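Quick notes on the structure that follows.
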Amino acid sequence: AAALDGKVGIAAAEAAGIKLTSPDRVVYPGQGVTKADLVAYYAAVAERMLPYIAKRPLSLLRCPQGRAKYCFFQKHDTGAFPDAMKSMLIEENDGDKESYFYIEDLAGLIGGTQMNVLEWHLWGSRIDAVDKPERIIFDIDPDEGLGFEHVREAANIIRGDLEALGLETYPLVSGGKGVHVIAPLRPKIEWPETKQFCRGFAQRLAEKYPDRFTANIRKVNRKGKLFVDYLRNERGSTAIAPWSSRSRQGAPAAVPVTWEELQSIQAANQFTLADAAQRAQQPDPWKGYFDTKQSITKTMQAAVDD
Ligand code: ATP
Ligand code: MN
Ligand code: MN
């Protein structure tokens, strides 16, 4: 794939009114991807990415010295961020209000990159309805050493079982080891019922295919299996944003694919940032995502109940 062009990144930052410091600093040492290159990446994918990330509460993985160095998750706005990184107050589970980041546009993506954000993680709801999830995610986490063909097969099973319940899904290769099977929802029911459905579904799966799946987060239960991580589906928990860069070896991105394409994908981290930038100019693998008018019904809930 063609390399990312730092000059394009510098121009995009200027156009967005973001002062980009140290544009030539290398963020991904293995690939020589600089901060300006990363801005160019976000400029290339913004149109595809923004519908998924704009106006959702965020959790940011920041790596001030680049990928292989010290990184930390930041949930709350401590100030000193460019204006394009907005924030809002959200009531936490303990009743206190805390400030959460959100963005609205490319300037937000560039503003975050200026602040050394390497991964953009999302709540499952929008800022105007934080209590009503707009999607559920089954995050397939393979045990150490389990090949990607098992992840693929697991994703297909989850897709089929959700489809049988009446939910259409879209696959995301995480840029790490697994696949996220995502069902967009109309924001209707709230988090507790949503989580209960997801837990029930994951437990059903583990019962149906005991050699293959576990719904138990403990690593000892994971030997040779895939953990169906349903815990992404709680109020305040986050998952990687579609099209986000990952702070991992090889400068990968989290990339939407079609179900058909998934069948020939060899690894969850096979798309580099340069690949993903090119891919964003091609037809949308998740066409129809926002037209999917579905929600978790009483019937679906009953089908996975204990
Ligand atoms: P992989 O395919 O390699 O599993 P992933 O993105 O699914 O990649 P997981 O470790 O399965 O990675 O997912 C954990 C999720 O939990 C992350 O996407 C992130 O949103 C969230 N997370 C993990 N650690 C933290 C943390 N320290 N603070 C906030 N959120 C976190
Ligand atoms: Mn995962
Ligand atoms: Mn996980």
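For the range 205-251, filtering for residues that are more than 15 Å from ligand 3 (Cβ to nearest atom), more than 30 Å from residue 27 (Cα to Cα) and of a type in the set (Ser, Thr, Tyr) leaves 1.
A count restricted to the range 188-220 and to residues that are within 20 Å of residue 122 (Cβ to Cβ), crowded, with 22+ Cβ neighbours inside 10 Å and more than 16 Å from ligand 1 (Cβ to nearest atom) stands at 2. Just so you know, in the range 132-145 the residues that are modelled with pLDDT of 95 or more and assigned to a loop (DSSP other than H, G, I, E, B) include one that is nearest to ligand 2 (Cβ to nearest atom), and it is 133. Candidates in the range 159-175 are the residues that are under 20 Å from the mean Cα position of the chain (by Cα) and in a loop (DSSP other than H, G, I, E, B); of these, the one that is nearest to residue 286 (Cα to Cα) is 169.
Beta carbons closer than 7 Å, at least 6 apart along the sequence or on distinct chains, pair a first residue in the range 244-255 that is buried (at least 24 other Cβ atoms within 10 Å of the Cβ) with a second that is outside any loop (DSSP other than H, G, I, E, B) and basic (Lys, Arg) for 255/279. One residue is enough: does the range 176-183 have a residue meeting the conditions more than 17 Å from residue 303 (Cβ to Cβ) and more than 12 Å from ligand 1 (Cβ to nearest atom)? Looking for residues that are more than 17 Å from residue 303 (Cβ to Cβ) and more than 12 Å from ligand 1 (Cβ to nearest atom), one finds none in the range 176-183, hence no. So which of 275, 211, 284 is acidic (Asp, Glu) and closer than 24 Å to residue 61 by Cβ? That would be 275, the only listed residue that is acidic (Asp, Glu) and closer than 24 Å to residue 61 by Cβ. Return a yes/no flag: does the range 176-198 have any residue that is closer than 18 Å to residue 241 by Cβ, within 16 Å of ligand 3 (Cβ to nearest atom), touching a residue at least 60 places away in the same chain (Cβ under 8 Å) and not in a loop (DSSP other than H, G, I, E, B). Checking the range 176-198: at least one residue is closer than 18 Å to residue 241 by Cβ, within 16 Å of ligand 3 (Cβ to nearest atom), touching a residue at least 60 places away in the same chain (Cβ under 8 Å) and not in a loop (DSSP other than H, G, I, E, B).
Summed over the range 175-229, residues that are at pLDDT 95 or above, within 16 Å of ligand 2 (Cβ to nearest atom) and small (Gly, Ala, Ser) total 4.
A residue that is β-branched (Val, Ile, Thr), in a loop (DSSP other than H, G, I, E, B), outside the structural domain of residue 140 (by TED's automatic domain parsing) and at negative phi can be found somewhere in the range 262-276. Pull up the range 221-243, narrow it to residues that are not in a loop (DSSP other than H, G, I, E, B) and not polar (S, T, N, Q), then point me to the one that is surrounded by the fewest Cβ atoms within 10 Å (Cβ to Cβ). Only one residue fits best here, namely 222.
When each of 135, 126 is tested for being under 25 Å from residue 291 (Cβ atoms), surrounded by fewer than 18 Cβ atoms within 10 Å (Cβ to Cβ) and basic (Lys, Arg), the lone residue that passes is 126.
When the residues of the range 272-284 are filtered to those that are touching a residue at least 60 places away in the same chain (Cβ under 8 Å) and buried (at least 18 other Cβ atoms within 10 Å of the Cβ), which remaining residue is farthest from the chain's Cα centre (by Cα)?
As a first pass, look at the range 272-284 and keep what is touching a residue at least 60 places away in the same chain (Cβ under 8 Å): 272-278, 280-281, 284.
After this cut, where a residue has to be buried (at least 18 other Cβ atoms within 10 Å of the Cβ) as well, the list is 272-274, 276-277, 280.
Numbers: 272: 15, 273: 15, 274: 18, 276: 14, 277: 16, 280: 16 Å.
Filtering the range 272-284 for residues that are touching a residue at least 60 places away in the same chain (Cβ under 8 Å) and buried (at least 18 other Cβ atoms within 10 Å of the Cβ), the one farthest from the chain's Cα centre (by Cα) comes out as 274.
Across the range 19-42, a minimum of one residue is classified as without any contact (Cβ under 8 Å) to a residue 24 or more places away in the chain and at negative phi. Annotation note: Cβ proximity below 7 Å between a residue of the range 226-239 that is touching a residue at least 12 places away in the same chain (Cβ under 8 Å) and hydroxyl-bearing (Ser, Thr, Tyr) and a residue that is near ligand 1 (Cβ under 7 Å from one of its atoms) and assigned to a strand (DSSP E or B) (sequence gap 6+ or interchain) occurs for 238/59; 238/121. Residue check: is residue 185 surrounded by 19 or more Cβ atoms within 10 Å (Cβ to Cβ) and in contact with an Asp or Glu (Cβ under 6 Å, 6 or more places away or on another chain)? Against the criterion (surrounded by 19 or more Cβ atoms within 10 Å (Cβ to Cβ) and in contact with an Asp or Glu (Cβ under 6 Å, 6 or more places away or on another chain)), residue 185 qualifies.
Output yes when any residue across the range 6-25 is under 14 Å from residue 245 (Cα atoms) and at pLDDT 95 or above, and no when none is. The answer is no, given that none of the residues of the range 6-25 is under 14 Å from residue 245 (Cα atoms) and at pLDDT 95 or above.
The values are calculated or read from the model by the stated rules, or taken from the named source; none is laboratory data. Because the structure is predicted, anything quoted here is derived from the model rather than measured. As a convention, Cβ positions derive from the backbone with ideal geometry for all residues, glycine included, and neighbour counts pool all protein chains shown.
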